[in-house]
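None of the figures in this text is laboratory data; all of them are computed from the coordinates on show. Please read these numbers as outputs of a predicted model, since none were measured by experiment. Cβ placement follows ideal geometry from the backbone for every residue including glycine, while neighbour counts extend to all protein chains displayed.
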């Protein structure tokens, strides 16, 4: 279930999904909550006509077959069968040294090797349906008189030593050969090398034979393309990828893999009608380029260009890396990881160019530092080399933030007093900006000592040392696929559980913002869990993140790319701080996005007993996977602090995870 959810998340974010065949789209991706073929077509038509999709999105599915390398393929004229004559000729003095050994290995099975060859090449797997092929061949007298059958079913030494399924397939095949008395008409060599597979195709083509893939379901059908590259017409299952391949190559026939008479008739039709055989051979060789690597790349890049045209503001460039050591860099003062704590009204003027700003700032700091030995002036000359992230969800049973949060913030800051110049502090919370500011000011936490406030469950980032300016680049980043007002009224209807009252969940207008819609949840209300609600949203084409917070008394609906964990990664990239140098402080429970904060490259300090009321009961159904399935409790990146949470205890826990 974790893997399926990961794939659903991939669908949420994907602009385009590349599949090998159309069958994948209809019968595989169509099973996911995040993709509906009919809805995707409707939305595509609306976009083309310039009509609003009302915030709904479906990824576009495009069929681009895998590319193959045909440079090693040597096509020979099927009329030129001198090699074959020398192999099966009666003159034993003929020189056969130049012929592939695998040819002799196959031909030794046949009483009449002059007949065309029906070739089947696959694993000895029940799904490959070899037994139905043998029935079709054995019960059709005309087919037996017209052709030989070659079964290349992997390599074997002793059937009894093979896996159970393979052993059953091979044993059944031998029984059918005996039942229909097919000795001298069926070849089943024990061994072949991978390098000999091209020669097997060549042999079948020289006999003017046919390649067959009768699998019950074939996801793609690579062997069909290989056979076509050597000029072999094909008969293939109508279930799966072969439908697209035969349509593109026009070099064969499709059959129902359960219909043995249909299989026999298709083989007879290709083998008996030489004009049809040559036409299929010619079509296959002419169209095989559609499955080459150059064609694959052209198709892929054309679809990527289409996506770029739909999103002209997309930046695909790579940010140049900074060569100099982080601790020595003073060049980029706009970088948010440079924090200056200045006593007074001095502020960075964002309208000045970087060089002027740097010069004036250094001059101001020098003057202030030399005047009267003012000890309150602190000049941090390097970038942040690490981040301490407080993400404790401290709420009482009414959903109000408790005094424990500011107390923990103070103790975490004290625990690293010797490294204040190189450690930054970030607060991750489900509170709104106004709520967290009020709580911090009431508890006399110095706001300027915090580098970033990530509010409303990761939908907004503010920088206190820049007059609480919002990060506009982050806002633009999370804007992707945000349905905005279109989803506002939908949430209350979908989140309400069966038998729930109208006022069980209502919009909390006082804390809503443009990228976070908050909804108040009554105590004891019947509301849906996150996994159920997310499923219902996905099926309607709405891509959002959903978080129960404030001890289940509030539901935050934020953009798809907005979350506390994603905000942490954003800051890591923007500030150039490796995730392994970040420490996240959490309780033993929290909001429904709590688990996302425990996994990853960062270090985690779990403060036992800090959080009394979490929201995890509304995360997923009991039948789903458990937290223990995804978070190893014995991880070297996780340490625990017992109740008390003194600075010394926190420092000791930091040493445990390798932070000095």
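Table for the structure above
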quantity	calculated
Distribution of pairwise C-alpha distances over region 2-67, 10 Å bins, in %	20, 51, 26, 3
Virtual spin-label span in nm between residue 276 and residue 479, 7 Å along Cα→Cβ	6.0
Backbone N within region 198-236 under 18 Å of label point (7 Å from residue 27 Cα along the Cβ vector)	213-225, 235-236
Peptide ranges 448-459, 639-650 listed from the most packed, as the mean C-beta count within 10 angstrom indicates	448-459, 639-650
Residues in region 1-42 that a label on residue 486 would reach, taking backbone N under 18 Å of a point 7 Å out along Cα→Cβ	11-16, 34-42
Calculated FRET efficiency for the pair residue 127/residue 526, C-beta based, R₀ 51 Å, to 0.05	0.65
Gain upon complete extension [residue 656, residue 580; 0.36 nm per residue less C-alpha separation]	26.0 nm
Spatial separation of Cα centroids for region 594-660 and region 193-237, in angstrom	55
Residue order, fewest to most beta carbons within 10 Å, for 1, 539, 107	1, 539, 107
Cα gyration tensor shape for region 96-291, rounded if a/c is under 1.5, else prolate or oblate	rounded
Two-site label geometry, residue 410 and residue 54: point separation in nm, points 7 Å out along Cα→Cβ	5.2
Difference of contour (0.36 nm per residue) and Cα-Cα distance, residue 157 to residue 258	33.3 nm
Highest average packing first - 471-484, 385-398, 496-509, Cβ atoms within 10 Å	385-398, 471-484, 496-509
